[in-house]
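The values are calculated or read from the model by the stated rules, or taken from the named source; none is laboratory data. Since the structure is predicted, the reported quantities are computational estimates derived from the model, not experimental observations. Quick reminder, even Gly has a Cβ in these numbers, built from the backbone with ideal geometry, and neighbours come from all protein chains shown. Side chains included, ligands, DNA and RNA excluded: accessible areas come from the protein's heavy atoms. Shrake-Rupley method; radii C 1.70, N 1.55, O 1.52, S 1.80 Å.
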Amino acid sequence: MTKNKPKLHFSRKLLAIPYGLFLAFFVVVPLLIIIYYAFTDDAGKFSLDYVKYFFSENGDSFWDFFTSSNFRTIMRSLFISLASTAICLLIAYPVAYIIAKSKLKNKSMLLLLFIVPMWVNFVLRINALKELLQFIGIYNRSNGWNIFNTILGMVYDFLPFMILPIYTTIIKIDNSYLEAAKDLGATGARAFTKITLPLSKAGIMSGVSMVFLPSMTNYVVSNYLTYSNVKIVGKLIDDYFMGDLWHDGSFIALVLLLFMFLVTWLTGGFKADEITETRGTSLW
Amino acid sequence: MATTTEKNNHIIELVDVHKEFDGVTIVENLNFYVRKGEFITFLGPSGCGKTTTLRMIAGFEMPTSGKILLNGEDITQLPPNKRPVNTVFQKYALFPHLNVFENVAFGLKLQRIETTVTNKKGVSKTKMKKIPKAVIAEKVRKALEIVDLVGFEKRSISTLSGGQQQRIAIARAIVNEPEILLLDEPLGALDLKMRKEMQLELKAMHKRLGITFIYVTHDQEEALTMSDTIIVMSDGSIQQIGTPEMIYNEPKNTFVADFIGESNIFSGVMPKDGQVRFCGKSFNCLDGGFEKDEPVDVVVRPEDVQITSPEEGILKGKVTSVIFKGIHYQILVQCGRYEIEIQSTTTPTVGEKVGLNIQPDGIHVMKKIFRVNKFSGIITKRNTVEFGDGEFECDVTQLYPGSHLDDEGYLITAKGEKLDLTDTEVNVEVGLHDIVMSDNLEEGGARGNIISMIYKSEYYRYIVRTENEEDYVLACEDTWNENDLVSLLIPSDKIKLTLKTTEATKQ
């Protein structure tokens, strides 16, 4: 008989359990299932058939992949993402810069002007945009316009995700750095390119990954705004799964995952110090 | 010839410089010059305008009015990047995304030097060219040598200690070979031992480089150690300019005496040149030139008070406290109403009766700046007087001898004339000892914050500033704190009113 019952210690580590479970059941397990489906056949045996099929859907040589519809869809997605990200950056940086540098006392109010639209349901907003495009007369007019409209929709949807991280990094740049640069002989423009721009890099990177990655897959935008005439990677995966082609869908999902991993790695998203640098963005 | 070189020697000159932020005066009436090659220090408590002054010289702030001359040329409107000055910032402001070398080379990489190039056709042109990389590398190495950090080129800023960052900040500034180096409390973030070392190093560096250093600090000891000239500032204006010895030994007013070192400040009178009365006794002194029996402030440094036997001392008192301070003891002696601080290596015991002597050269007599509060006021309908951002009860009959007030509030003069005093402009005088502070904010006629307190051995002298920047000077035996919000009470019989001269002549 021991009197010493094990004491119930409530340590802070216990708080991680709910998230740990969530992570296991909704991230790790599904990921494993995707990998399983990507490399097995209907009988559940290991097979590279679907990998082969992805690269040569007509059963021809590997090089035909570069003329396949899958390849074209990936390239299209890539183009839309790159264009959307670039346009977002071009619009967001000046906006974030101006708000951060404004002498107004209530900068957050200005910022809110860009955030409030996000509180309106996203599908509703895209539908409204569609009506607007119809009114102007460029809705589903031609292939070119459809791509344009998709990019427009992506920019419209993801702009705040670009503004916020850039704003938070610019506002944190100590004014004394700029004074020091000017003191050392830099003009205003020089001080911007040598100090402000490099010091807001973390915000740009975080903004880029927050716009680039979702605009690869957000096929709601492309479907609504192009009468489903523009197909992006997200839609491709959806089509496979809807058509009960789980193995094909899984492999493409895996390719996309790899792709995103690459982008995140390239934009420095895995560096711990830069994550803390843009900590303010986690608010959204 | 001597006068022209003296004039040419002024590298920086400030003429009537005045600076306001949102209508609040930060500095006013700044007039001073800095000699070439000098180590000059702006010394003052926080908020005295010293950093603003430095920032105006650097070009980060533009004066609201006045001129800044560099080598005789007006540079008031010149942006910072066009001025041959470099700054060492308070928190260093080293660029975090660049390594040590890139930080130090930052200014050099931006520089363009005029070079004459002869092209193929034989036409020579002047072109702005970058400094060659090898030259930059050499200059950076030399700058790092000066601050003793050679070999740190590749290090990132975040891996450096505070002291090392400090040195890099200095290297980054001096590598551009500025005519003037501005230092804004550069040692504030370092620990005491490091600070002392850097003080000596900076002074040595100043000697070696031969350029002008303008230094800002609130640390009087730092200022005394390093400077050739000290400019003591308080409340936006210059209190005294002089060598460290002058500032310490001959403080111009009680503020300087109180701020620089420890001091006993007494109120006294000057019966004649070479003699001053304070603490109820007469002392011989070296000062003169005051009116007969003029009230003065007397400053005595604690180390200038000698402890003797009670019979030999001019002052007699009882020791109330003895504190060991390392190289000396800090001793407090109560002589009647007066408390006197003494620094001495001898150790009387607490409660011991001692005598105190002060040699003539240890007594510094200075003009009292504040003998009485003077304001311009206006009589209101209620026969109160408005002045100094407040309204007080007063006796208006003193304006006209022999007059009295009738039931309706009109003034009846001695001759029987009936006067309405509403809106009459008057001069108001209130003595230092006639104002009482209260923490009941509704009680008094005006309210403000205490912006200064100086202990004067029998009372504290306070300055209370109202919201609209009106100052009241008052004496009070109780201890309040700086920044306390207080209400000011003045008994109506202590408010001295006189008609403004223009009004008086009209009557």
- prompt: Cα to Cα, under 17 Å, and not fewer than 8 places away if on the same chain: which aspartates and glutamates meet these conditions relative to B:LYS193?
  reply: B:GLU185, B:GLU201, B:ASP219, B:GLU221, B:GLU222
statement: One quarter of the C-alpha convex hull surface, i.e. the mean projected area of the protein assembly as shown in nm², amounts to 66.0
message: Need one value for B:102-110: mean number of C-beta atoms belonging to other chains within 10 Å of its residues' C-beta atoms.
response: 4
query: Of B:LYS374/B:LYS418; A:LYS201/B:LYS109; B:LYS133/B:LYS154; B:LYS272/B:LYS456; A:LYS194/B:LYS91, which sit over 25 Å apart, Cα to Cα?
result: B:LYS374/B:LYS418
- prompt: What do you get when you divide the Cα radius of gyration of segment B:254-367 by 2.2 N^0.38 Å, with N the number of residues?
  reply: 1.05
task: Can you tell me what the convex hull of the Cα atoms of segment B:192-250 projects to on average, as an area in nm²?
output: 4.5
task: Leaving ligands, DNA and RNA out of it, work out the accessible area of A:MET109 with a 1.4 Å probe and give it in Å² to the nearest 10.
output: 110
field: Relative contact order [Cα under 8 Å, 6+ residues apart], chain B, whole percent
entry: 10
task: Let me know the Rg and Dmax you get for chain B when you use only its Cα atoms, in Å.
output: 29.2, 104
- prompt: How high is the relative contact order of chain A, given as a whole-number percent (alpha carbon pairs under 8 Å, six or more residues apart)?
  reply: 26
- prompt: Other chains' Cβ within 10 Å of A:189-199 residues: what's the mean?
  reply: 2
statement: Over its alpha-carbon atoms, segment B:45-182 yields an Rg and a Dmax in Å of 17.9, 64
- line: Between the residues A:ALA43, A:ASN143, A:SER69, the Cα farthest towards the positive end of the dipole of chain A, that dipole coming from +1 and -1 charges on the beta-carbon of Lys, Arg, Asp and Glu, is from A:ASN143
query: Which whole-angstrom value gives the distance between the alpha carbon centres of segment B:415-444 and segment A:122-174?
result: 69
query: For segment A:213-236 and segment B:311-366, what is the separation of their Cα centres, given in Å?
result: 89
- request: Determine the order of B:THR424, A:THR67 by accessible area, beginning with the largest, at a probe radius of 1.4 Å.
  value: A:THR67, B:THR424
- request: Can you check what the net charge comes to around A:TYR167, using other residues whose Cβ is under 11 Å from the Cβ of A:TYR167 (Lys, Arg +1; Asp, Glu -1)?
  value: +3
- line: The ³J(HN,Hα) series, computed from each phi in segment B:304-312 with the Karplus coefficients 6.51, -1.76 and 1.60 at θ = phi - 60°, rounded to the nearest Hz and given as x for glycine or proline, is 8, 9, 9, 8, 10, 6, x, 6, 7
GNM top mover of A:TYR177, A:TYR93, A:TYR37 - chain A, alpha-carbon springs below 10 Å: A:TYR177
Accessible area per residue in Å² at 1.4 Å probe, computed on the protein assembly as shown: 53
- prompt: Nearest 100 Å², what total accessible surface is buried between chain A and chain B (probe 1.4 Å)?
  reply: 1700
- line: With a Förster distance of 25 angstrom and the Cβ-Cβ distance between B:ASP484 and B:ILE369, calculated FRET efficiency to the nearest 0.05 equals 0.70
query: Cα atoms only, segment B:2-249: Rg and Dmax in Å?
result: 19.3, 70
- prompt: Compactness ratio of segment B:222-265: Cα Rg over 2.2 N^0.38 Å, N = residue count?
  reply: 1.04
- line: When every protein chain stays in place and a 1.4 Å probe is rolled, B:ILE214, A:ILE147 sorted by accessible area with the largest first are A:ILE147, B:ILE214
message: Taking beta carbons within 10 Å but only from partner chains, what does the mean come to for residues A:165-175?
response: 1
query: Over the heavy atoms of B:LEU474, what accessible area does a 1.4 Å probe trace out, to the nearest 10 Å²?
result: 0
task: Return the percentage of antiparallel bridges among DSSP beta bridges fully within the protein assembly as shown, rounded to the nearest 5 %.
output: 85
field: Cα convex hull volume per residue for segment A:81-203 (Å³)
entry: 127
message: If you scale each eigenvalue of the Cα gyration tensor by 5 and take the root, what three semi-axes come out for chain A, rounded to whole angstrom and sorted largest first?
response: 37, 32, 20
field: Whole-number percent relative contact order across segment B:372-506, with pairs defined as alpha carbons under 8 Å at least 6 apart
entry: 28
